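What follows is a set of notes on a single structure, which appears directly below.
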Amino acid sequence: MGGPCIVWLLWAMVFVISAGGEFVKVGVVLDPSTTVGKLSNLSIQMALSDFYSENFKYKTRISFIFKDAGDVVEVASAATVLLRDGVEAIIGPQTTEQAMYLTEFGRKYEIPIISFTVTTPSLSPKQNPYFIRAAQNDLAQVQAVNAIIQMYGWREIVPIYEDTEYGRGIITNLADALQQNGTRLVRRTMIPLSASETEILKELKRLKDMHETIFLLHTSGCVGRMVLSLAKKEGMFSEGYAWIVTNGLSSLIDPILVSKDLDSMQGIVGIRPYIPITQKLQNFQAKFKQRLPLSLSSMQAYDTVWALAMAVEKMNYSTTHTGTATRKKLILHEIKNTKFEGISGNFSLVDGELKRSTFEVFYVVGEKEKIIGLYCHKKGVYEKSISKPIWPGDTVDPPRINLTIGIPLKGFPEFVNANIIDPQKSSGFCIDIFNSAVEVLDIPIRHTFVPFVDQNGKSNGSYDVLLRQIDMQKFDVIVGDITIVANRTELVDFTLPYSESRVSMLVSERNDKKDENMWIFLRPFEWNLWLVSFISFLFTGFVVWLLECRVNTDFGAGPPQQQIGLIFWFSFSTLVFAHRERILNNLSRFLLIIWVFVVLILTQSYTANLSSMLTAQRLRPSFLDANEIREKGYFVGYQNGSFVKSFLITQLQFEETNLKAYGSPDEFKEALNRGIKDGGVAAIFDEIPYIKVFLRKYPSGYRMVGPTYPTGGLGFAFPKGSPLVAYFSRAILNVTEDKDKMRAIESKYFSSDSEDTPRTPDSALNVYRFGGLFIITAVATWSALLIYLTQFLLTHWPDSSNDQSPFASKMFEMVKLFYRKHFVHPSSLQSSQSRVYSVSEMAEDKTMQIENDDDNSTEEANILGVVNEDQAEDDA
């Protein structure tokens, strides 16, 4: 030990003997070869001197026994010697490994172990009753780090931490805390304590080559300074980079003045426990800095000695002669309940460790540091200064998240047109959707496109191989026409789809020989429509004849066979509007108007469908059913690298030997043209967007047929668990819901004027399509018939005062009368005269009929204005 310490111990012994007090032996285990050990050693001596200078009336004095220990073996040896020397407490294990051993040692021998440097969460005073942490648990800074990351909108952070219990201690908890806010720790990098500069530089180069720019450094001082120094040499302190350092490194920086280490920390952002500036702290700094630079550990060592000295004094005189074990427990109890205002802030142990809720956030620029703000668990980060951080590269703009984006090399440039020479100039529908999504993101993104090609500039594999590059950490995102299917979700996480997609079948067209048969004229109508039309013709003709036969010689004259022929003639002559018969009854006229309209619709529909069958649809798809192709063992094609290959094997049960891969629309065309007999394929299976692109390029001779099979659509691929998935999914929704933007992107790559929809063969018309027309004509026909029958009954119903016969008899008589008047005609009306008239004969006949009606009509019962001869016949 140094001379001042020996002098102090001699003076203290003299004072205690003269005052009748006693010494309490306390062991100190430090490594003076390290900066922390050297600073803590000096701070302990100053604390002991200052405490008893201020409290000279105390009856107890602490007698420190210092032991140098650099590793666990030396610590074990030192602890054994100290126990043999009769120490009642041990302070100072610097590392987690040392503290773990001493904790078990303290548990076994019931001696308090006090550490002011070990902050590892895995070593908890709750689980180790003889361990006291006079420092903050590293978990306390997790939320502070999280708050800084969220403040700048970063969503992926690269943690660099030393491969020790201390380094690994908070990573899991930090990852959980960040995950709750949508941020992920990626490419975790561990640095062994024994790592050389070459090994560290190799890791830094690897991260740089992966375009990582946001780093969290969680190491002890020695390792941290080496990492920062090498990162600066590697150019990782230029614009676009960000470094966040945790308490283990930032606490080495003097909160008031500038440390010599600041030169390698330009632009870093750090957090450390907030130390309020008090007169007591300033006095300590003035004396301490005359010898060594100040650090948080030296301040905590100072407060630890004061707390231990207070605890020792609290033991009353009754404990003087008690057993050593009891005295150790009392010291443990008293120090846990000791509270005072130390130079590092309020000293108060909760569950055996120091609890403070406020952290200081700062950044280093030039030769000094500036405070960004304070972090409090209740308030979060609140600003203390209005100055913005100066980031590496001497810029005030926060670094962006760098994404290395893999893009496929395709034969369909409408979707992805990869520019191998200048990848940033790559274009295509998928690229534009991604760029539009980046524009609406609320987080800073910088991306670099990297085509997935080999040394020869050819595609380096299928889409599944491309997706595996994410797990291999070669790409951060895959942007392209990647279809979302179940097996791919085991490799990556997909965003919401930005385009719908289904799988369908593309076939060539051939001449349809069925259109050349002699019965093609029957094909426009199905049999049910032919049957209903025939029945409607006959029924309508019959009703018109019934309404006209009693008053119109064009309908009522002639034998029965002539009347039946007239019904057929009149009905079917309306097909070509060739009927010449006069219509006198208003009910007949109304019915005929409806019927002519129905006939017009039927004839026009028949003509249109027959014309289409004879002209536009001479070509038919060569195959309509995938099952037929599979059963006959024909070859089918798919797009190279697509998931459709596995779909054909697993879902449609095709043999893999019957599958052929093609890479472009031109290859599709050539394979279909060759056909099944010339080394080609029977059909191409692909997603509908690609088939539409093909049909726009080759609009004739090919057709999309058969059922469509749904898929998950097209999406962007991210690493499993990436928080960016949610952000990009929301951005994609914003883009796809903007109809104007989507229309502009689609029209840029997919010309809308040549849009082809899948064609289907012409089909015969059925009765269902004309159901409304037949319902209308049926209602009109039956209405006219019912009105006529009602009129007939009202006119000929016998007078009830003269006829007392039953109702059934009256109805029977009405039926016989109706039959006689409509189906048994007088001989005067029967004529074999030709039903064909000249124009002059028709006019003369009409004039004679009108004169005859005027002379013979004795009673007008013509409710609807129809010439009625019923009464005249009754009188005769």
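Computed quantities for the displayed model
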| quantity | calculated |
| --- | --- |
| Separation between Cα centres of region 388-416 and region 120-137, rounded to whole Å | 43 |
| From phi via Karplus (6.51, -1.76, 1.60), per-residue ³J(HN,Hα) for region 713-722 in Hz, x at Gly/Pro | x, 9, x, 9, 9, 10, x, 4, x, 5 |
| Net charge dipole size for region 576-713 [Lys, Arg +1 and Asp, Glu -1 on Cβ; Debye, nearest 20] | 700 |
| Interchain or long-range residues, amide H under 5 Å from Ser499's placed H | Leu714 |
| Order by protection proxy (mean Cβ within 10 Å, highest first), peptides 185-192, 711-718, 497-504 | 711-718, 497-504, 185-192 |
| Accessible-area value, Tyr463, 1.4 Å probe, nucleic acids and ligands omitted, Å² | 20 |
| Cut-off under 5 Å, modelled amide H: who pairs with Ile401 long-range | Ile445, Arg446 |
| Radius of gyration and Dmax over the Cα atoms of region 431-546, both given in Å | 29.9, 91 |
| Two-site label geometry, Leu522 and Ser462: point separation in nm, points 7 Å out along Cα→Cβ | 5.1 |
| Backbone HN-Hα couplings from phi across region 766-771 [Karplus 6.51/-1.76/1.60, Hz, Gly and Pro as x] | 10, 5, 5, 5, 10, x |
| Ranked by how many other beta carbons lie within 10 Å on average, peptides 143-152, 622-631 from highest | 143-152, 622-631 |
| Members of Lys202/Lys474; Lys458/Lys739; Lys669/Lys741; Lys233/Lys287; Lys287/Lys388 lying beyond 26 Å, as alpha-carbon distances in this model show | Lys458/Lys739; Lys669/Lys741; Lys233/Lys287; Lys287/Lys388 |
| Ranked order, Cys430, Cys376, Cys222 - accessible area, probe 1.4 Å, largest first | Cys222, Cys376, Cys430 |
| Projected label distance in nm at Trp530 and Ser747, using a 7 Å step from Cα toward the beta-carbon | 5.0 |
| Around Tyr130: net Lys/Arg minus Asp/Glu count, Cβ-Cβ under 15 Å | +2 |
| Listed peptides 264-275, 446-457 by packing density, highest first (mean Cβ within 10 Å) | 264-275, 446-457 |
| Placed amide H near Gly182: partners under 5 Å, 5+ positions off or other chain | none |
| Table column - 3J(HN,Hα) (Hz), region 116-133, Karplus curve with 6.51, -1.76, 1.60, x for Gly and Pro | 10, 10, 7, 10, 5, x, 5, 9, 10, x, 5, 8, 10, x, 9, 9, 10, 9 |
| Centroid-to-centroid separation of region 189-215 and region 439-509 [C-alpha atoms, Å] | 29 |
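The values are calculated or read from the model by the stated rules, or taken from the named source; none is laboratory data. Bear in mind the structure is a predicted one, so any value in this text is a computation, not a measurement. Note that we place each Cβ from the backbone using ideal geometry, even for glycine, and neighbour counts take in every protein chain shown. Ligands, DNA and RNA are excluded from the accessible area calculation, which covers all protein heavy atoms including side chains. Shrake-Rupley method; radii C 1.70, N 1.55, O 1.52, S 1.80 Å.
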